[in-house]
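The values are calculated or read from the model by the stated rules, or taken from the named source; none is laboratory data. No experiment lies behind these values; they were computed from the predicted model shown. Every residue, glycine as well, gets a Cβ built from its backbone with ideal geometry; the counts of neighbours run over all protein chains shown.
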Amino acid sequence: MNKVLRPWTTSELLKTTLALDDITISSICDKFKQKLLHESFDPSAGRSIDEVRVHHWEESIQETVGSCSSQTLATQCYYMWKNSRLEVLSLSPEIRTLLKQLCSTYKLLLLTNGETQTQREKVEAVRCEEFFDAIVIGGEHAEQKPYLSIFTLCFNMLGVEAQDCVMVGDSLDTDIQGGFNARVRATVWITSSGGSVPEGSVKPDYTIPTVLDLPDILEQLK
């Protein structure tokens with residue numbers, strides 16, 4: 001009988017290499033996640049995002065156990081984490097069907113904030129390029145969402161006016177605020193939390209629990 005070999009996880013690598021217990025391994029992983037949350041990446045500094053995040057792992061191990069046996073271990077941890085993260089990214093069949101329907105009727109543009117390499121890898125992992133007329137990565141430009149300049153760039157790429165566009169996203173601070181700043185025709189906030197807008201936040205024109213409900217909104221806007 002053939003056996004399917006399951007790839008190692010980062011936790012298993014740390015346990016085997018350093019003989020650490022689960023609590024210590026969890027602490028290392030938590031430190032890495034915190035460094036990601038507070039990450040400030042400057043491409044002009046001369047290091048790639050991969051190098052920066054390998055260093056996050058190296059620091060996390062050192063801070064927890066007092067030393068890192070080698071940079072090779074930190075490198076292995078990073079690429080295991082990165083590859084496992086990309087492997088689980090996918091579009092459901094329902095969303096792929098929706099995008100196929102929408103792109104036959106509307107011009108679609110994917111606008112995402114973030115560092116260039118990281119976001120391009122995500123786009124490639126989910127194989128969604130075929131559905132969009134353009135894909136814009138915020139990290140490749142001077143300003144990202146919610147700044148007006150990147151929305152203006154998107155409008156120009158599609159050859160459309162702001163008032164003809166609908167901004168759809170799950171972030172009030174970047175997607176919905178950006179759409180408001182750009183004065184698009186409507187903003188649609190996707191949230192599964194019940195649609196409660198925090199006090200002081202920009203208010204979306206529409207709120208839906210899933211992007212699969214978007215056709216109903218677009219029908220109303222006709």
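Scanning region 199-213 for residues that are more than 22 Å from the chain's Cα centre (by Cα) and of a type outside the set (D, E, K, R) gives Gly200, Tyr206.
With respect to the stated conditions, Ser90 is modelled with pLDDT of 85 or more, under 23 Å from the mean Cα position of the chain (by Cα), surrounded by fewer than 15 Cβ atoms within 10 Å (Cβ to Cβ) and not in a helix (DSSP H, G or I).
For every residue, the table says whether it meets (1) assigned to a helix (DSSP H, G or I); (2) of a type in the set (Asp, Glu); (3) modelled with pLDDT of 85 or more; (4) farther than 21 Å from Thr16 by Cβ.
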{"residue": "Ser44", "(1), (2), (3), (4)": "yes, no, no, yes"}
{"residue": "Arg47", "(1), (2), (3), (4)": "no, no, no, yes"}
{"residue": "Arg53", "(1), (2), (3), (4)": "yes, no, yes, yes"}
{"residue": "Ser60", "(1), (2), (3), (4)": "yes, no, yes, no"}
{"residue": "Glu63", "(1), (2), (3), (4)": "yes, yes, yes, no"}
{"residue": "Ser69", "(1), (2), (3), (4)": "no, no, no, no"}
{"residue": "Met80", "(1), (2), (3), (4)": "yes, no, yes, no"}
{"residue": "Ser84", "(1), (2), (3), (4)": "yes, no, no, no"}
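Identify, please: which residue in region 18-42 is in a helix (DSSP H, G or I) and among the charged types (D, E, K, R) and is, among those, surrounded by the fewest Cβ atoms within 10 Å (Cβ to Cβ)? Filtering first and then ranking leaves Asp22.
For region 149-163, the condition holds for no residue, the condition being that it is closer than 25 Å to Glu94 by Cβ and surrounded by fewer than 19 Cβ atoms within 10 Å (Cβ to Cβ).
Taken over region 99-156, the criterion of being farther than 25 Å from Arg85 by Cβ and of a type in the set (D, E, K, R) is satisfied by Lys100, Lys107, Asp133, Glu143. Inclusion of Pro198 among residues that are loosely packed, with under 13 Cβ neighbours inside 10 Å and either of a type in the set (A, V, I, L, M) or more than 18 Å from Leu91 (Cβ to Cβ) (or both) is warranted.
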